[in-house]
Amino acid sequence: MPEPFESEGAVSGAGMGGAMDLAVAEGQTLETAPGGPDGTGPAGRPRSLWSDAWRDLRRNPVFIISALVILFLVVISLWPSLIASGNPLKCDLAKAQEGSQPGHPFGYDGQGCDVYTRTVYGARKSVTVGVCATLGVALLGSVLGGLAGFFGGFWDSLLSRITDIFFAIPVVLGGLVLLSVVTSNTVWPVIGFMVLLGWPQISRIARGSVITAKQNDYVQAARALGASNSRILLRHIAPNAIAPVIVVATIALGTYIALEATLSYLGVGLKPPTVSWGIDISAASPYIRNAPHMLLWPAGALAVTVLAFIMLGDAVRDALDPKLRS
């Protein structure tokens with residue numbers, strides 16, 4: 001009993017000044033803490049969706065592994081000579097279909113070209129097509145879907161009917177029809193085709209996100225204060241509706257890389273002398289029994305790349321979707 005009495009007396013004896021000092025100390029502790037209670041960040045401020053997502057991504061091993069793989073692919077796409085000093089177009093028919101040799105770990109293809117060098121240089125076109133197609137699809141789909149969801153009415157109905165038409169077109173069949181008449185050896189016809197048939201999916205995602213966001217109280221408050229439609233759309237709705245678009249676009253990037261390889265395999269995508277994984281896979285398929293290494297390495301590189309982007313998209317989805325958090 002003496003210990004509680006002494007503690008109580010100490011607090012009582014502190015007087016008004018002691019109580020105020022204690023309150024000030026507690027306030028300073030909360031203010032300077034690196035992280036407050038659940039849902040708060042530094043200085044006790046509520047954490048945003050993006051800060052929560054970044055915190056979760058940094059702790060997700062799937063995100064770290066896929067991001068490192070993608071970073072490596074981007075580096076070799078920009079500077080392939082860092083790990084491959086040869087020329088992908090330099091071939092020697094005397095070495096056609098030969099296996100692994102010193103200095104040529106992947107062997108040679110049917111034309112006597114170094115498979116390792118062509119696999120490294122093939123990443124450039126495949127990644128370029130995937131990234132540019134994703135950016136074009138995300139931009140076009142977000143603008144059209146966002147405007148339709150925000151204004152509604154006739155334009156919303158018109159866009160819905162147009163997207164239904166595009167959804168009815170099979171992607172591979174559409175590529176065979178549209179790209180078969182193109183004679184260009186550049187990547188832009190393939191990118192344009194992917195944007196043409198890929199924007200409806202992003203458009204519907206953006207439309208639904210905007211319709212949900214514009215019903216929130218902060219949007220109604222901004223409208224009541226006299227904010228213009230452009231300000232409401234850009235400052236209040238877009239930042240809160242963009243997360244689903246980012247998730248779908250990230251996952252779709254790997255799909256576009258695989259689609260480019262499919263179209264190139266069918267002969268309507270990228271065309272020789274362009275170096276691409278799809279072209280190499282198509283050229284190696286007749287020799288799969290006699291020289292499987294010609295098909296194994298470009299196909300393996302394609303599979304790893306597509307898997308890395310899909311894993312990255314799944315990690316981003318888990319981080320940005322509050323419903324998936326425990």
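Values in this text are rule-based calculations from the coordinates and carry no lab data. Remember, it's a predicted structure, so these values are computed and weren't measured experimentally. Methodologically, a virtual Cβ is constructed for each residue, glycine included, from the backbone with ideal geometry; neighbour enumeration extends over all protein chains shown.
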Per Stokes-Einstein, at 37 °C and 0.692 mPa s, what whole-number D in µm² s⁻¹ belongs to the range 73-122, with the Kirkwood radius over Cα pairs as the hydrodynamic radius?
303
Debye calculation, C-alpha points only, no solvent: report log10 I(q)/I(0) for the range 135-198 at q = 0.12, 0.15 Å⁻¹, in the same order as the q values.
-0.38, -0.56
If eta is 1.306 mPa s and T is 10 °C, what Stokes-Einstein diffusion coefficient results for the range 133-269, Kirkwood Rh from Cα pairs, in µm²/s?
99
So what's the range 211-326 giving for Rg/Rh, alpha carbon basis, Kirkwood Rh from the mean inverse pair distance?
1.26
Gyration tensor on Cα atoms of the range 66-166, a ≥ b ≥ c root eigenvalues, a/c under 1.5 rounded, else prolate if a/b beats b/c, else oblate, says prolate
How big is the shadow of the Cα convex hull of the range 172-244, averaged over all directions, in nm²?
6.6
Pairs of Cα atoms farther than 20 Å apart, the range 218-282, %
56
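Report the charge-dipole magnitude of the range 189-326 in Debye, nearest 20, computed about the Cα centre from +1 at each Lys and Arg Cβ and -1 at each Asp and Glu Cβ.
Around 480 debye, computed over the range 189-326.
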